[in-house]
Amino acid sequence: MIRRLDPGTRSKIAAGEVVARPASVAVELVENALDAGAETVEIEVDGDGTDRIRVADDGRGMAESDAALAVERHTTSKLSAADDLETVETLGFRGEALPSIAAAAARLELTTNDGGPRGTRVVVDGGGDATDGEHDKTVSPAGRARGTTVEVTGLFSDRPARKKSLASPKAEFARVSAVVTRYALTRPDVRFVLRHDGRETLATPGTDRFADALLAVYGRDAASHASTFDSSREVSAAGETATVEVDGALCHPEVTRSRRDHVHVSVNGRALAEPRLRRAVADGYGTLLPDGREPVGVVRLRLPPAWVDHNVHPAKDEVGFRDADAVAEAVESSVRDALSTADLRRSGEVAMDLDSSLAPVEAASVFDDLRVIGRFRGLYLLCEAGDELLVVDQHAAHERINYERLREAVESAGIDAVSVDPPATVSLSPTDAALLDANRDLVEKLGFRVAEFGDGSGSGTYRVEAVPAPLGRPFAPDALADVVADVAAGDDADPRDELLKDLACHPSIKAGDDLTDDEAARVVERLGSCETPYTCPHGRPTVLAIDEETFVRGFGRRSGRLG
Ligand code: ADP
Ligand code: MG
């Protein structure tokens, strides 16, 4: 039964904008469908989503009186008093989504049936301000099988500023796709279908197997290199103990991406883009991942509702935890354990050296006065420079050198492309496919030639016919997903830049660990002649300096060498 929340409860609910863009509408409607126990959720988006978003489910539906109340403010079936806020287990609880969406759109049409002989249609027209319940609402009987369909048209049609702040239709759709994908992967028991302009871009089977959902999103290669896991950890805070259950599926470390967006997390059923938890997952992979690479996986957490606060963010993007560090630690150790028992055989990376293809250094090195005096753990070069001891991170230095060389080569000659013969088959996740669609020109300018697989089914399978080959080093065709993500992320700057950074950091073009004295000296000299020698392309330092003063103090000497 849907009722109106009392003012005391309302005042405790995080206030703010619920409907910021089409993807927020999609999230709210999908969450309502899941709260209603749907086994199938179908999402349709036209254009950028402001034209039309429609979400249909086969959940429990609503009786006529409830359907009429559902679009009013502060009406919910999920919460009755302020105390419940602590223990609510549904995804919704504010009774805000449907009225906020109705207020932001030209028209909201809800058709529902709770299993009775006939259903109900509620139409809220003309947007209008739902805060005072003044909007134009009509309720009429309608035919429909059990479940609910909500169709929203003309979103932001009377909010030109909001509408102008949206990105391109393809980019907005990519956001919708990202949130639907997150739910599709964390709820493999539910069948999700996503369509854009009538074309199916994602369909999971709802078999309750992670591998099947991963297959639908990331293709065969990723799905066949994944292991499921299931574990639990005790956490305690302020003298109380709780159990955190963690389960999911982790792709093996040979399946990586350049960004962390492919770590899909949910907390008590709510799929979230939580940076802390995503980082905890990546930390769990630890050194299994090549430098600068991010994992692909699905991780679900379950913990007592009182330990989680879903009420910290108006759009529910983030959650609060009673002890966030303990929860992150539980995630990290669960992932680490899961990977330590998984069969992770992988092909060794071939270490190559860029040197052969690099022109000799001509610019003067800022490290001219520097002498390599030793090495530590195959990772660091110890160097003497005046009264300082410099520690150079060999990998970071190499990345910087590679990056500047690549950039120079690309600036003077562009990026060469080489054809792939026979063409390689690559599958992209629906979100990446949407991003490719949105940025195809740029991706092709970089040297990729990509054709969609002929069947037009939107299966996300592509034929890569040519790849970029800067400095004569061809990209692997399946780097396409990374390149697409990089190009989409590189806002105003040269989109090639992100790509070059990743390429520079790719293990296959970094020198091996065992440098000869000569090579070590050359790395330092080259680093010194870089334009920005002190950071790697991703902004981490390449050199740390310890001046003699530190030793003087540390050893309790009164002065330095001369004293
Ligand atoms: P909330 O989800 O916070 O309760 P909403 O505005 O999203 O608020 O929805 C209001 C109410 O409408 C819900 O509490 C629920 O009872 C009902 N409702 C909304 N969508 C559905 C759906 N797809 N199936 C069944 N009931 C729904
Ligand atoms: Mg809701």
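The values are calculated or read from the model by the stated rules, or taken from the named source; none is laboratory data. Remember, predicted model here, so these are calculated numbers, not experimental data. Positions of Cβ are generated from backbone atoms using ideal geometry, with glycine treated the same way; all protein chains shown enter the neighbour counts. Remember, those area values only see protein heavy atoms, side chains included, never the ligands or the DNA or RNA. Shrake-Rupley method; radii C 1.70, N 1.55, O 1.52, S 1.80 Å.
Return yes or no: is residue 372 among the hydrophobic types (A, V, I, L, M, F, W, C), in contact (Cβ under 8 Å) with a residue 40 or more places away in the chain, surrounded by 15 or more Cβ atoms within 10 Å (Cβ to Cβ) and in a helix (DSSP H, G or I)? It would help to see each step written out before you state the result.
Working: among the hydrophobic types (A, V, I, L, M, F, W, C): yes; in contact (Cβ under 8 Å) with a residue 40 or more places away in the chain: yes; surrounded by 15 or more Cβ atoms within 10 Å (Cβ to Cβ): yes; in a helix (DSSP H, G or I): no.
So residue 372 does not fit the description; no.
Does the range 80-94 hold any residues that are touching a helix residue (DSSP H, G or I) at 6+ places or on another chain (Cβ under 8 Å) and either within 11 Å of ligand 2 (Cβ to nearest atom) or at pLDDT 85 or above (or both), and which are they?
Matches in the range 80-94: 90, 91, 92, 93.
Within the range 21-37, restricting attention to residues that are assigned to a loop (DSSP other than H, G, I, E, B) and out of contact with any helix residue (DSSP H, G or I) (no Cβ under 8 Å at 6 or more places or on another chain), which residue is nearest to ligand 2 (Cβ to nearest atom)?
By that ranking, first place goes to 36.
Conditions: (1) touching a Gly at 6+ places or on another chain (Cβ under 7 Å); (2) under 26 Å from residue 484 (Cβ atoms). Residue 411 meets all but one. Number of the miss?
(1)
Which of the residues that make up the range 43-69 are out of contact with any strand residue (DSSP E or B) (no Cβ under 7 Å at 6 or more places or on another chain) and within 15 Å of ligand 2 (Cβ to nearest atom)?
Listed by number, the residues that qualify are 60, 66.
Could we say that residue 205 is surrounded by fewer than 22 Cβ atoms within 10 Å (Cβ to Cβ), part of a loop (DSSP other than H, G, I, E, B) and at pLDDT below 90 here? Break it down into steps so the answer makes sense when it comes.
Working: surrounded by fewer than 22 Cβ atoms within 10 Å (Cβ to Cβ): yes; part of a loop (DSSP other than H, G, I, E, B): yes; at pLDDT below 90: no.
No; evaluated as a whole, the condition is false for this residue.
Out of the residues in the range 375-422 that are open to solvent by 60 Å² or more (accessible area, probe 1.4 Å) and in a helix (DSSP H, G or I), which is nearest to residue 530 (Cα to Cα)?
408
The conditions are (1) without any contact (Cβ under 8 Å) to a residue 60 or more places away in the chain; (2) crowded, with 18+ Cβ neighbours inside 10 Å; (3) in contact with a helix residue (DSSP H, G or I) (Cβ under 9 Å, 6 or more places away or on another chain), and residue 225 fails exactly one of them. Which is it?
Failed condition: (3).
Checking residue 276 against (1) more than 23 Å from residue 213 (Cα to Cα); (2) surrounded by 22 or more Cβ atoms within 10 Å (Cβ to Cβ); (3) of a type in the set (Lys, Arg): exactly one of these is not met. Which one?
The single condition residue 276 does not satisfy is (2).
Table: residues versus (1) touching a strand residue (DSSP E or B) at 6+ places or on another chain (Cβ under 7 Å); (2) modelled with pLDDT of 90 or more; (3) surrounded by 21 or more Cβ atoms within 10 Å (Cβ to Cβ); (4) not hydrophobic (A, V, I, L, M, F, W, C).
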residue: 110; (1), (2), (3), (4): yes, yes, yes, no
residue: 123; (1), (2), (3), (4): yes, yes, no, no
residue: 126; (1), (2), (3), (4): yes, no, no, yes
residue: 129; (1), (2), (3), (4): no, no, no, yes
residue: 136; (1), (2), (3), (4): yes, no, no, yes
residue: 139; (1), (2), (3), (4): yes, yes, no, no
residue: 145; (1), (2), (3), (4): yes, yes, no, no
residue: 150; (1), (2), (3), (4): yes, yes, yes, no
residue: 156; (1), (2), (3), (4): no, yes, yes, no
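Can you name the residue in the range 551-562 that is within 16 Å of residue 386 (Cα to Cα) and open to solvent by 60 Å² or more (accessible area, probe 1.4 Å) and, of all such residues, is modelled with the highest pLDDT?
Restricting to residues being within 16 Å of residue 386 (Cα to Cα) and open to solvent by 60 Å² or more (accessible area, probe 1.4 Å), the top hit is 551.
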